[in-house]
Protein chains: 2
Amino acid sequence: MNEQAIGFFDSGVGGLTVVREVLRQLPNEKIVYIGDTARAPYGPRPSEQVEKFSWELTEFLLKKKVKMLVIACNTATAVALDEIKKKLDIPVVGVILPGSRAAIKASKANKIGVIGTVGTIRSASYERILREKSPKTEVYSLACPKFVPLVESNEFRSAIAKKVVAESLLPFKLQKPDALILGCTHYPLLRPIIQQAMGSEVALIDSGAETVSDVSMLLDYFNLSAKYRNEITHEFYTTGSARMFEEIADSWLGNISRTIEHVNLEEMKNATT
Amino acid sequence: MNEQAIGFFDSGVGGLTVVREVLRQLPNEKIVYIGDTARAPYGPRPSEQVEKFSWELTEFLLKKKVKMLVIACNTATAVALDEIKKKLDIPVVGVILPGSRAAIKASKANKIGVIGTVGTIRSASYERILREKSPKTEVYSLACPKFVPLVESNEFRSAIAKKVVAESLLPFKLQKPDALILGCTHYPLLRPIIQQAMGSEVALIDSGAETVSDVSMLLDYFNLSAKYRNEITHEFYTTGSARMFEEIADSWLGNISRTIEHVNLEEMKNATT
């Protein structure tokens, strides 16, 4: 039993799709979340930089005394999970393995599509894991660099979003995967239009939602689950505009007890050194 | 990556229902299994004795250099998991938490039934976990001491089995749970007649099958998954008759490459001391 919070970080608002599942499946757990909105998207950045940012966010969450760390960002998971997991003495969970496992389970034709940021696709993390776990599976990877900006600018329900998504996913018309990994935690916000573009028979795998099963399992395994409690106020932080973050958070997470604050990681760093 | 086997133990053949799921979901993994058939059932035994037997089986598997231990027996999980997990430096998984998690997910009416051996039900392990995780859930527990002997004697498809099962489950007619935890790894062999007795609308939760998700997750988490390999010969041991064990194993697991051997834990112990 452990009443401390679970820490989540993402390049921006994408990790909120993971948080929504945690609120549903693990109602006793308190959430501390930081989105690095000011520096999003991470996808096109060099991996050294994503690793550096990931450490800054990790240190921010460690100061909040989190009992477990969830890297709710595929790009950061691809680049920094192994290193962070090795160095921390709390459990650390990424979003790539859970999504891979779920896709193998869902694909009957052994043809799996993966969409993600340029950074995630370049890392080939999904491809490597899928091939290791299921050598007979064909994997089709596609970077979709236009998707994250659509979500971060709160335009993910617009006609433009619909057009961009349909055009970006055209290569799959030929390859015909029967399962598609949404390999970026921002993408579930585009889910309806991705499903429309892919066709209803394609199983969309939400890597973030799948991650919650791992979180739940590891809380049990390490005996870290929180007990039932009545009121939890979740804490959200963003390096960008609190107002913009709030709009997306409230429409996505609904009516929960929470605080949203802007933080400046650079200033915090200077203040402590 | 780790090519060592995963170790499983059970009071008898019940854990084979877990093994079947491992073969399906984790085809790269080698299995070493020991069933304590000579001393089954564990259900009616005092907990000190079940704990002692569990340690004997654990030591047998450790000598086989297993990389992970699965206690594929609810009675032993209830009594010995915490202690064994604390003392071993390989991951140790029981069957009670995974079954509980799956039942909470499956029950829409928040009414969960649990059937198990006298030992498992007396331990109240499922009740405690279900109430902790989901305080609003009503839990109905029922010991079914007649079920394991039906399975161990290979009579689980007989007319007698049908009658015994229907009579044993009568109390649920009034309580009407919409999810029923098969809280003993022997019970999935009785699944069709349990489903018939409960009605098709009740979700049967196979605690063993659910455990495989945990095994898979922990293999990933601790970086212990085996690589793809062509031929694996699984090893099965029983403290009882190899012939009887073979009959049930082959009908349940199908055509796999395996060895089945009788072992005498007492003799082995005397030989090494």
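The values are calculated or read from the model by the stated rules, or taken from the named source; none is laboratory data. These numbers come from a predicted model, not from an experiment. A quick note on method: Cβ atoms are made from the backbone with ideal geometry, for glycine too, and the neighbour counts reach across all protein chains shown. Accessible surface is based on the protein model in full, side chains and every heavy atom, while ligands, DNA and RNA are left aside. Shrake-Rupley method; radii C 1.70, N 1.55, O 1.52, S 1.80 Å.
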Problem - Cβ charges +1 (Lys, Arg) and -1 (Asp, Glu), total dipole of the range A:96-208, debye - result: 240
Handout entry: chain B: relative contact order in percent, alpha carbon pairs under 8 Å with at least 6 residues between
Key = 27
Completion exercise
Note: B:124-137 gets an average of partner chain Cβ contacts (10 Å, Cβ to Cβ) equal to 2
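Round to the nearest 0.05 the FRET efficiency obtained for A:Lys163 and A:Gln4 when R0 = 35 Å and r is the Cβ-Cβ distance.
The formula returns an efficiency of 0.20 here.
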Completion exercise
In whole Å, largest first, the alpha carbons of the protein assembly as shown cover along the principal axes 68, 50, 49
Exercise for the section: Label the range A:100-248 by shape, choosing from rounded, prolate and oblate, from the square roots a ≥ b ≥ c of the eigenvalues of the Cα gyration tensor; if a/c is under 1.5 it is rounded, and otherwise prolate applies when a/b is larger than b/c, oblate when it is not. Expected result: oblate
Fill in the blank from the handout: Sorting A:Ala72, A:Ser216, A:Ile256 by the position of each Cα along the dipole of the protein assembly as shown (Lys, Arg +1; Asp, Glu -1; all at Cβ), the one nearest the positive end of that ordering is A:Ile256
Problem - Alpha-carbon centroid distance for the pair the range A:203-273 / the range B:189-236, whole angstrom - result: 32
Handout entry: Residue closest to axis [chain A; rotation mapping onto B; Cβ; Å]
Key = A:Met217, 3
Practice task
Using a cut-off of 13 Å between beta-carbons, work out the net charge of the residues near A:Asp250 (Lys and Arg +1, Asp and Glu -1, A:Asp250 not included).
Solution key: +1
Completion exercise
Mean other chain Cβ within 10 Å across B:220-228 is 4
Problem - Under-5 Å amide H pairs with B:Ile181, H placed in peptide plane, nonlocal only - result: B:Gly113, B:Val114, B:Ile115, B:Ile205
Exercise for the section: Could you work out the relative contact order of the range B:96-208, using alpha carbon pairs under 8 angstrom and six or more residues apart, expressed as a whole percent? Expected result: 36
Exercise for the section: Once the label point is placed 7 Å from Cα along Cβ, list for A:Gln25 the distances to the corresponding points in the other copies, in nm, shortest first. Expected result: 1.3
Exercise for the section: Estimate for me the total accessible surface buried between chains A and B (protein heavy atoms, probe 1.4 Å, no ligands or nucleic acids), in Å² to the nearest 100. Expected result: 1800
Practice task
Compute the FRET efficiency between A:Gln175 and B:His262 as 1/(1 + (r/R0)^6), taking r as their Cβ-Cβ distance and R0 = 41 Å, and round to the nearest 0.05.
Solution key: 0.20
Practice task
Pull up all non-local amide H partners of B:Tyr237: gap of 5 or more, or a different chain, and H-to-H distance under 5 Å with H placed in the peptide plane.
Solution key: B:Tyr33, B:Ile34, B:Gly35, B:Glu261
Completion exercise
GNM of chain A, Cα pairs under 10 angstrom: of A:Tyr126, A:Tyr33, A:Tyr228, the biggest fluctuation goes to A:Tyr228
Completion exercise
In degrees rounded to 10, the 0-90 angle between helix A:159-168 Cα long axis and the longest Cα principal axis of chain A is 60
Fill in the blank from the handout: Taking the alpha-carbon centre of each part, the distance from the range A:46-110 to the range B:31-77 in Å is 35
Handout entry: For the range A:63-125: rounded, prolate or oblate by the Cα gyration tensor [a/c cutoff 1.5]
Key = prolate
Exercise for the section: Assign one of three labels to the range A:180-273, namely rounded, prolate or oblate, based on the Cα gyration tensor with a ≥ b ≥ c the square roots of its eigenvalues; rounded applies when a/c is under 1.5, prolate when it is not and a/b is larger than b/c, and oblate otherwise. Expected result: oblate
Completion exercise
Distances in nm between the label point of B:Pro145 (7 Å along Cα→Cβ) and its equivalents in the other copies, shortest first, are 7.1
Problem - A:Trp252 - accessible surface, heavy atoms, 1.4 Å probe, Å² rounded to 10 - result: 40
Problem - On Cα atoms only, tilt of B:96-106 relative to the major axis of chain B in degrees - result: 40
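In the structure shown, do any of A:Lys133/A:Lys176; B:Lys30/B:Lys111; A:Lys85/B:Lys105; B:Lys86/B:Lys269; A:Lys108/A:Lys163 have a Cα-Cα gap over 27 Å, and if so which?
B:Lys30/B:Lys111; A:Lys85/B:Lys105; A:Lys108/A:Lys163
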Fill in the blank from the handout: Length gained, A:Gln195-A:Lys146, 0.36 nm per residue minus C-alpha separation, equals 15.9 nm
Exercise for the section: Taking only Cα atoms and a 10 Å spring cutoff, compute GNM fluctuations for chain A and point out the largest among A:Gly208, A:Gly94, A:Gly240. Expected result: A:Gly240
Fill in the blank from the handout: Taking B:Met217, A:Met244 and ranking on accessible area (1.4 Å, protein atoms only), highest first, one gets A:Met244, B:Met217
Handout entry: Cubic angstrom per residue, convex hull over Cα atoms of chain A
Key = 124
Problem - Gaussian network model of chain A, Cα within-10 Å springs - most flexible of A:Leu142, A:Leu182, A:Leu88 - result: A:Leu88
Practice task
Enter the angle in degrees (range 0 to 90, nearest 10) between the Cα long axis of helix A:207-221 and the first principal axis of the Cα atoms of chain A, meaning the one along which they spread out most.
Solution key: 50
Exercise for the section: Considering the options B:Ala106, B:Met198, B:Thr120, tell which one lies farthest towards the positive end of the dipole of the range B:96-208, charges being +1 on Lys and Arg and -1 on Asp and Glu at the Cβ, about the Cα centre. Expected result: B:Ala106
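In deg cm²/dmol, rounded to 500, what helix-only [θ] at 222 nm does the protein assembly as shown give when every DSSP H run of at least 4 residues adds -39500 (n - 2.57) and the total is split over its residues?
It lands at -14000 deg cm²/dmol.
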